[in-house]
Amino acid sequence: IKMRLFLDDIRTPAMAHNASKGLGLDYSPTDKWVIARDYFEFVNIVNKHFDEIELVSFDHDLACVDKDGREWTGKDAADYLINYCLDHVKHFPDWYAHTDNTSGRQNIIGSIKGYLKSIEGKDLSDFRYYHNGIVNGKFV
């Protein structure tokens with residue numbers, strides 16, 4: 001069983017992926033995604049189901065603050081996934097940053113790109129500022 005993991009505190013997949021934005025209508029139906037509403041749900045799903053995850057769609061601002069007042073973002077989730085891959089010698093799944101937070105998007109993309117380039121040896125020389133992820137080996 002393959003899983004698409006959608007990280008967002010508010011939106012549904014159709015709000016991020018539809019005819020006018022994101023990955024398009026094929027990625028709109030909610031029933032094709034497992035939705036994590038915060039960083040901790042995301043971590044739990046990754047820990048239990050990593051081998052089933054084929055695609056992760058990241059929001060940045062998750063309105064997720066722990067008891068110590070630390071805010072956890074989509075960048076933290078991306079970093080967690082990177083560390084999971086490092087610790088378990090796994091390949092990073094397909095991914096997309098659907099967040100509306102411009103600097104947050106660049107932080108998520110920068111983190112994942114750095115990992116893919118330096119650890120997995122991927123050629124990202126054609127990855128441009130308007131790309132928001134990699135799906136099926138293509139920059140999207």
Would you please list the contacts, defined by Cβ atoms under 8 Å and residues six or more apart or on different chains, that run from a residue in segment 119-136 that is within 21 Å of Asp79 (Cα to Cα) to a residue that is open to solvent by 90 Å² or more (accessible area, probe 1.4 Å) and part of a loop (DSSP other than H, G, I, E, B)? Glu120/His91
Restricting segment 69-108 to residues that are small (Gly, Ala, Ser) and surrounded by fewer than 16 Cβ atoms within 10 Å (Cβ to Cβ), the one farthest from Leu7 (Cα to Cα) turns out to be Gly69
Residue count for segment 27-49, restricted to those that are assigned to a loop (DSSP other than H, G, I, E, B), small (Gly, Ala, Ser) and touching a Leu at 6+ places or on another chain (Cβ under 9 Å): 0
Out of Lys75, Lys90, I need the residue that is touching a helix residue (DSSP H, G or I) at 6+ places or on another chain (Cβ under 8 Å) and either within 22 Å of Thr12 (Cα to Cα) or free of Cβ contacts under 8 Å to residues at least 24 places away in the same chain (or both). Which one? Lys75
Out of the residues in segment 109-140 meeting the condition of being under 20 Å from Ala16 (Cβ atoms) and of a type in the set (Val, Ile, Thr), tell me which one is most open to solvent (accessible area, probe 1.4 Å). Val140
Can you tell me how many residues in segment 27-62 are under 12 Å from Pro93 (Cα atoms), surrounded by fewer than 17 Cβ atoms within 10 Å (Cβ to Cβ) and of a type in the set (S, T, N, Q)? 0
Among residues of segment 72-94, those that are in contact with a strand residue (DSSP E or B) (Cβ under 8 Å, 6 or more places away or on another chain) and closer than 13 Å to Asn107 by Cβ, counted: 4
Out of all the residues in segment 1-26, which are outside any loop (DSSP other than H, G, I, E, B) and crowded, with 20+ Cβ neighbours inside 10 Å? Arg4, Leu5, Phe6, Leu7, Pro13, Ala16
What pairs can you find where one residue is in segment 25-46 and farther than 13 Å from Leu7 by Cα, the other is among the basic types (Lys, Arg), and their Cβ atoms are less than 7 Å apart, with a gap of 6+ or different chains? Lys32/Arg4
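The values are calculated or read from the model by the stated rules, or taken from the named source; none is laboratory data. Fair warning: this is a prediction, and the values are worked out from it, not measured in the lab. Neighbour counts are summed over all protein chains in view; Cβ atoms, including those assigned to glycine, are modelled from backbone coordinates with ideal geometry. Only protein heavy atoms, including side chains, enter the accessible area calculation; ligands, DNA and RNA are left aside. Shrake-Rupley method; radii C 1.70, N 1.55, O 1.52, S 1.80 Å.
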